[in-house]
Structures are given as C-alpha cells and as structure tokens.
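Written below as structure tokens is the structure these notes are about.
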Amino acid sequence: MTYSDLESAFQFVSAAHPGEHHAIIHRVTGESFFRSDLLNEDYFPEDAEENDDYIIVPHKNTLDLGKPLVMEFVLEVSPDEYAHVQGLFSRQGAYRRYKDFLTEKGLLERWYAFEDERTKAALLEWCQENEIVLE
C-alpha cells in the first residue's frame, strides 16, 4: 500500500461525520475497501469482520486531527484569536467559518500546510502501531 492510497481511504472516512463512512485495509495486500452508510454502498469483503488481516481506517477525530488540531494551530499562530475561533465551533458550519477566518487573516495556506504535516505524521504513526508497511 502506498501513502497516497492510505491518505485517500483516510480522507473518505473523514469526509463525513464519524461512523458514516468506513474504510478497511487488508494488511497483507494493501487493498482498501469502502462502505458508506449515507450512500447505502458496501464494498467490504464478506469475511472482513472476522479476518484479522483487515484493519479499520481511523476517522480524523480518532487521531485528534479535528478541532484539537485547529485549536493547536490557532494557539501557535494567533493566540489572541483563540476565544473567537473556539466560538466558531459552537454551532453548525464551523469549518466553513474557520476557513473564512483564516482567509481574512491570510493564514489559509499556512493552515493547509500545518494540517497536511500533522495528518501525515499521525497516519505514519498509526501505520507503525498497526504494523502496516507502506511502499
């Protein structure tokens, strides 16, 4: 399995609320399989639940790559805005408002680089913990 394949599976899982999209990886072949509760689609192998060769791809919240990462970034680059950004996450549409805030402050590209770096580090650590070898 390549990092790109893992990242694609991770992004699929994280594109919806936790528990709505699922992906698994076969530890030996590196093949990934997807299921969406939202779309009523299931491409998991029949033996996936009983077979230890399959591992569930985590959601970004499981790896603390959701709001905790946002707040870490804000503390690092604009600590005076911490309370404001925290308030953005008190209702629906938080990420849209957060990205509008970043655009206004000229920080959007910096956020994307920070998020990408942390995501890659977290996924590589997850692979190591789960004995998944990437090409």
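The values are calculated or read from the model by the stated rules, or taken from the named source; none is laboratory data. Quick caveat: nothing in here was measured; it's all calculated off a predicted structure. Positions of Cβ are generated from backbone atoms using ideal geometry, with glycine treated the same way; all protein chains shown enter the neighbour counts.
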- Task: Scan the stretch 35-71 for residues that are exposed (fewer than 14 other Cβ atoms within 10 Å of the Cβ) and part of a helix (DSSP H, G or I) and jot them down.
- Result: 68
- The listed residue being among the charged types (D, E, K, R) and out of contact with any helix residue (DSSP H, G or I) (no Cβ under 7 Å at 6 or more places or on another chain), out of 97, 27: 27
- One residue from 135, 117 being of a type in the set (Asp, Glu) and touching a residue at least 40 places away in the same chain (Cβ under 8 Å): 135
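Please specify each residue of the stretch 56-111 satisfying the condition of being hydroxyl-bearing (Ser, Thr, Tyr) and under 30 Å from residue 31 (Cβ atoms). Before the answer, list the steps.
Of the stretch 56-111, the ones hydroxyl-bearing (Ser, Thr, Tyr) are 62, 78, 82, 90, 95, 98, 103.
Across the stretch 56-111, the qualifying residue is only 62.
The rows are residues; the columns are (1) in the same structural domain as residue 15 (by TED's automatic domain parsing); (2) among the acidic types (Asp, Glu).
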{"position": "48", "(1), (2)": "yes, no"}
{"position": "79", "(1), (2)": "no, no"}
{"position": "91", "(1), (2)": "no, no"}
{"position": "105", "(1), (2)": "no, no"}
{"position": "109", "(1), (2)": "no, yes"}
{"position": "125", "(1), (2)": "no, yes"}
{"position": "132", "(1), (2)": "no, no"}
- Message: What pairs come out if I take residues in the stretch 85-98 that are more than 18 Å from residue 73 (Cα to Cα) and pair them with residues that are assigned to a helix (DSSP H, G or I) whose C-beta lies under 9 Å away, six or more apart or interchain?
- Response: 91/97
- Message: Filter the stretch 1-34 down to the residues that are in a loop (DSSP other than H, G, I, E, B) and hydrophobic (A, V, I, L, M, F, W, C) and list them by number.
- Response: 1, 15, 16, 28
- Query: Would a scan of the stretch 107-117 turn up a residue that is outside any helix (DSSP H, G or I), modelled with pLDDT under 95 and either closer than 29 Å to residue 55 by Cβ or out of contact with any strand residue (DSSP E or B) (no Cβ under 9 Å at 6 or more places or on another chain) (or both)?
  - Reply: no
- Query: in contact with a Phe, Trp or Tyr (Cβ under 7 Å, 6 or more places away or on another chain) and within 25 Å of residue 5 (Cβ to Cβ) - does that describe any residue in the stretch 115-128?
  - Reply: yes
- Task: Please tell me if residue 70 is within 16 Å of residue 120 (Cα to Cα), modelled with pLDDT of 95 or more and of a type in the set (Val, Ile, Thr).
- Result: yes
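Name the residue that is surrounded by the most Cβ atoms within 10 Å (Cβ to Cβ), counting only residues in the stretch 72-91 that are among the small types (Gly, Ala, Ser) and part of a helix (DSSP H, G or I).
Within the stretch 72-91, the subset among the small types (Gly, Ala, Ser) is 78, 83, 87, 90.
This time we only want the ones that are part of a helix (DSSP H, G or I), so: 83, 87.
Values: 83: 9, 87: 12.
The qualifying residue surrounded by the most Cβ atoms within 10 Å (Cβ to Cβ) is 87.
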- Message: Here are the criteria: (1) surrounded by fewer than 12 Cβ atoms within 10 Å (Cβ to Cβ); (2) in contact with a His (Cβ under 9 Å, 6 or more places away or on another chain). Tell me which single one residue 101 does not satisfy.
- Response: (1)
